[in-house]
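Colleague: Mind having a look at this structure? Questions to follow.
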Amino acid sequence: MLDSFPRFDASPANWKGSDLAKTPDRWMHDLSAAELGDLEAVIAAAGDRTDDLTNVTASDLPLPHLAPKLKEIKANVLDGVGLTLIRGFPIDRYNLRQAATAFWAVGLHLGDAVSQNAAGHALGHVRDLGFDYSQPSSRGYQTAERLPYHCDAGDVVGLLSIKTSKTGGLSSAVSSTALYHAMIERHPEHLAVLMQPTYRDRRDEIPEGRRPWYPMPVFQAHEGRIFGHYVRSAIRKAQRFEDVPRVTPEQEAAFDALDDLAGSEEFRLDMEFEPGDMQFVCNHTILHSRTKYEDWPDLERRRHLLRLWLGCPGGPDLPASHIEQQGLNPAGRPAGIHCPGVALNAPLEAVDGGAGETTKRQKQNT
């Protein structure tokens, strides 16, 4: 059976967290004074501008010193290690609009911002809104619950840390390429299951002409790459649809084996997010996770991150299942979540972006 699986051992995305942690130069970048000057300049140029950030393009936000480094970072995220952590942005100097402008500038030099939810949010706010994660339309990023290893939509997901929680909220990443090879060597019978379609819930965020669920293998080889795509909560929630095949015991065993590997010290890379840190992760080769957290009682101190989903020109050729999931934007890259009649927008506060009534997602007092 082992010979039936293609291998990608030479891929730079084939790393173990225990090894990558020893070589931060492969994935971390400290902003230089000149690069920080670029970000300060775009913030100053924006001034008191109040229109939506989606009206601002990369040409409006030149980064003459930082752009060459971002070109390198983009290549490393899409075709290399699969992630980066950019440090040194002095976020305490700026208000939320200014921080968002700097983050937007960095993101647009990597790709095009795409919608993250039913409301068309191109700028997401990772903050606990008191939602019940078990509800079909609830999104984990708007809860304080643990987020198991998963990937998002778009080619790349980016985060900017604004404020950290009182306790918890540790960010971790794992190479899905390395997990694939580990499954070959340790659980080949489970890998065969993971290379068959699994059915995922769209959480009522349904593009025009699509079904409320979509099929997607956890692993699939395509054009010389191994693509990983795993969201176990979406697989579980899709069981509410009668026309979706039932999850089998063999699939549950395969998911358990994959989760155990992903969460192990051997494979995962833990990251302490500090205010001002920017993280960018490739959804095709990296799974990411967050531990449950306890927030501050004071609303002004509560954990808050800004998020971008990016479709990146020059990204890898996509399997048909990825195109079925998201569709393509005008640049031919994954379009994120796009619901009929919803325009792209970038709110500057944490608001519910889910489908349907907010009350359906709120925790019920018992």
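Colleague: Would you please give the FRET efficiency between E265 and A192, computed as 1/(1 + (r/R0)^6) with r the Cβ-Cβ distance and R0 = 30 Å, to the nearest 0.05?
Modeller: It comes to 0.65.
Colleague: Under a point spin-label approximation (7 Å from Cα along Cα-to-Cβ), what is the Q364-R211 distance to one decimal in nm?
Modeller: 2.9
Colleague: Using 0.36 nm times the number of residues separating N345 and D60, minus their current alpha carbon distance, what extension gain do you get?
Modeller: So the extension gain works out to 100.9 nm.
Colleague: Testing the spin-label approximation: label points 7 Å from Cα along Cα→Cβ at A221 and Q239. State their distance in nm.
Modeller: Label at A221, label at Q239, 3.2 nm between them.
Colleague: In nanometres, what is the gap between the two model label sites at L96 and K163, each 7 Å from Cα along Cα-to-Cβ?
Modeller: My value for the distance between the label points is 0.9 nm.
Colleague: Using the Cα atoms of the chain to build a convex hull, what is its mean projected area in square nanometres?
Modeller: 18.3
Colleague: Can you work out the FRET efficiency for the pair A45 and D9, with r the C-beta to C-beta distance and R0 = 56 Å, to the nearest 0.05?
Modeller: Values: r = 47 Å, r/R0 = 0.83.
Efficiency computed from Cβ-Cβ geometry: 0.75.
Quick note: the coordinates plus some simple rules give every number you see, no bench work behind them. Just so it is clear, the structure is predicted and the values come from calculations on it, not from any experiment. Positions of Cβ are generated from backbone atoms using ideal geometry, with glycine treated the same way; all protein chains shown enter the neighbour counts.
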